[in-house]
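The values are calculated or read from the model by the stated rules, or taken from the named source; none is laboratory data. Just so it is clear, the structure is predicted and the values come from calculations on it, not from any experiment. Note: ideal-geometry Cβ built from the backbone for every residue, glycine included; neighbour counts use all protein chains shown.
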Amino acid sequence: MKPIVFIHKMNAENQQQWLDAFTHLLPKECFVLQEQLSDEDALNIELAIVANPDVKILQRFPNLVWVQSLWAGVESLIESFKQFNQQKQIQTKLVRLIDPQLADTMAEAVLTWTLYLHRNIPEYSAQQRNQIWKEFPCKAAQRMRISILGAGELGQASMQRLLQNNYQVNSWSRTHKEFKDVTHYSGDDGLVSLLQNTDILICLLPLTKQTHKLLNKQSLSHLPVGAKLINFARGGIINHEELIVLLDSQHISHAVLDVFEQEPLQANSPLWTHPNISVLPHISASTNLQSASQVVADNISTYRKDGTIPESVDLKKGY
């Protein structure tokens, strides 16, 4: 069998952890690093595993059949893959990580930070700092309208976790879908309707040309006064300058932000110090090495067995 190249920007310790996991699960496979291959050897590579690769390196492997990403988000690779495939007769497929453990971890984070906002934890924390003893009203979960933007694997798992905790759940996607016990909206008009019926908005959308800065002053102004926001998707989906304007006016009362266009978040960013923003260091749903390596191993085993390539990313849609 032809070797599998591992292309990444990890430190040496993380690199070895992943290689050990792959080797343990697929002992008959040969995993190599791109720097170990000559240009001639690179021509024979048909399968790559990648984690935030330098896209220029992919040019060394013109005969790749498919590429397995170790992350669920692949927006940084989309344009590069389009260019990579432009002059090729056989299009290289890009496969993102679809890991049930990742979806469960995201659902847990969604519930955690929904409760954080629902039970007014930011307000009580601020009161403690100022030695204020005051109770805030708190709706029953059954009366809280929690809306999720994005109805893929992560969104669906999060919906179920919220339903199990008695919340009213809404969802939105570009196209129509149906889910039991969830009110689903779609299209531009559906987005407005969903926002108007939301107490806590949770963004789990992929970053595409269509979703870039989708959440801005115009769209977020459709939220009821006092609504709250969680972004566990990508920083580029929110216009942060316009979000701050809405927070300052108290139209939005609090925002939990886990993702940013530049990470780590710059030290001089006003997001750090805004009293109505909770900043997280991109921790809502980190890739689990054990479960992710098993997903990758299963995908490779199936491909070796019958040539089946896992469901690949639609490069036009961006997900």
Legend entry - Matching residues in segment 172-202 - criterion: being touching a helix residue (DSSP H, G or I) at 6+ places or on another chain (Cβ under 6 Å), within 19 Å of ALA227 (Cβ to Cβ) and not hydrophobic (A, V, I, L, M, F, W, C): TYR185
Inset, instruction - Identify, by number, the condition in (1) over 15 Å from THR114 (Cα atoms); (2) modelled with pLDDT of 95 or more that THR175 doesn't meet. - result: (2)
Inset, instruction - Answer yes if at least one residue in segment 158-173 is in contact (Cβ under 8 Å) with a residue 60 or more places away in the chain, within 18 Å of the chain's Cα centre (by Cα) and buried (at least 19 other Cβ atoms within 10 Å of the Cβ), and no otherwise. - result: no
Legend entry - Unmet criterion (only one of (1) closer than 26 Å to GLY152 by Cβ; (2) out of contact with any Leu (no Cβ under 9 Å at 6 or more places or on another chain); (3) of a type in the set (S, T, N, Q)) for GLN266: (1)
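So is TYR116 in a helix (DSSP H, G or I) and more than 21 Å from ALA285 (Cα to Cα) or not?
Considered against the rule, which asks whether it is in a helix (DSSP H, G or I) and more than 21 Å from ALA285 (Cα to Cα), TYR116 comes out as no.
Yes/no matrix, rows are residues, columns are (1) surrounded by fewer than 16 Cβ atoms within 10 Å (Cβ to Cβ); (2) in a loop (DSSP other than H, G, I, E, B); (3) of a type in the set (Ser, Thr, Tyr); (4) in contact with an Asp or Glu (Cβ under 8 Å, 6 or more places away or on another chain):
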position: ASN63; (1), (2), (3), (4): yes, yes, no, yes
position: VAL67; (1), (2), (3), (4): no, no, no, no
position: TRP71; (1), (2), (3), (4): no, yes, no, no
position: ILE78; (1), (2), (3), (4): no, no, no, no
position: LYS82; (1), (2), (3), (4): yes, no, no, no
position: ILE90; (1), (2), (3), (4): yes, yes, no, no
position: LEU97; (1), (2), (3), (4): no, yes, no, no
position: GLN101; (1), (2), (3), (4): yes, no, no, no
position: MET106; (1), (2), (3), (4): no, no, no, no
Legend entry - Test: residue in segment 77-89 that is closer than 20 Å to TYR303 by Cα and in contact with a Ser or Thr (Cβ under 9 Å, 6 or more places away or on another chain): no
Inset, instruction - Output the number of residues of segment 217-265 satisfying the condition of being under 24 Å from ALA109 (Cα atoms), polar (S, T, N, Q) and in a loop (DSSP other than H, G, I, E, B). - result: 2
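Of everything in segment 46-61, what is among the aliphatic types (A, V, I, L, M) and crowded, with 18+ Cβ neighbours inside 10 Å? Give them in sequence order. It would help to see each step written out before you state the result.
First, pick out the residues of segment 46-61 that are among the aliphatic types (A, V, I, L, M): 47-51, 55, 57-58.
Of everything in segment 46-61, those that are among the aliphatic types (A, V, I, L, M) and crowded, with 18+ Cβ neighbours inside 10 Å turn out to be LEU47, ALA48, ILE49, VAL50, ALA51, LEU58.
Looking only at segment 270-308, count how many residues are polar (S, T, N, Q) and surrounded by 15 or more Cβ atoms within 10 Å (Cβ to Cβ). Write out each step before concluding.
Initially, segment 270-308 is screened for residues polar (S, T, N, Q), giving 273, 276, 278, 284, 286-288, 290-291, 293-294, 299, 301-302, 308.
Filter again for surrounded by 15 or more Cβ atoms within 10 Å (Cβ to Cβ), leaving 276, 278, 284, 287-288, 291, 293-294, 299.
The total comes to 9.
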Inset, instruction - For residues that are among the charged types (D, E, K, R) and not in a loop (DSSP other than H, G, I, E, B), scanning just segment 130-155, find the one that is farthest from PRO100 (Cα to Cα). - result: ARG143
Inset, instruction - List every residue pair whose Cβ atoms lie under 6 Å apart, where the two residues are 6 or more positions apart in sequence or sit on different chains, the first residue falls within segment 109-132 and is at pLDDT 95 or above and surrounded by 18 or more Cβ atoms within 10 Å (Cβ to Cβ), and the second residue, located anywhere, is assigned to a helix (DSSP H, G or I) and small (Gly, Ala, Ser). - result: VAL110/SER158
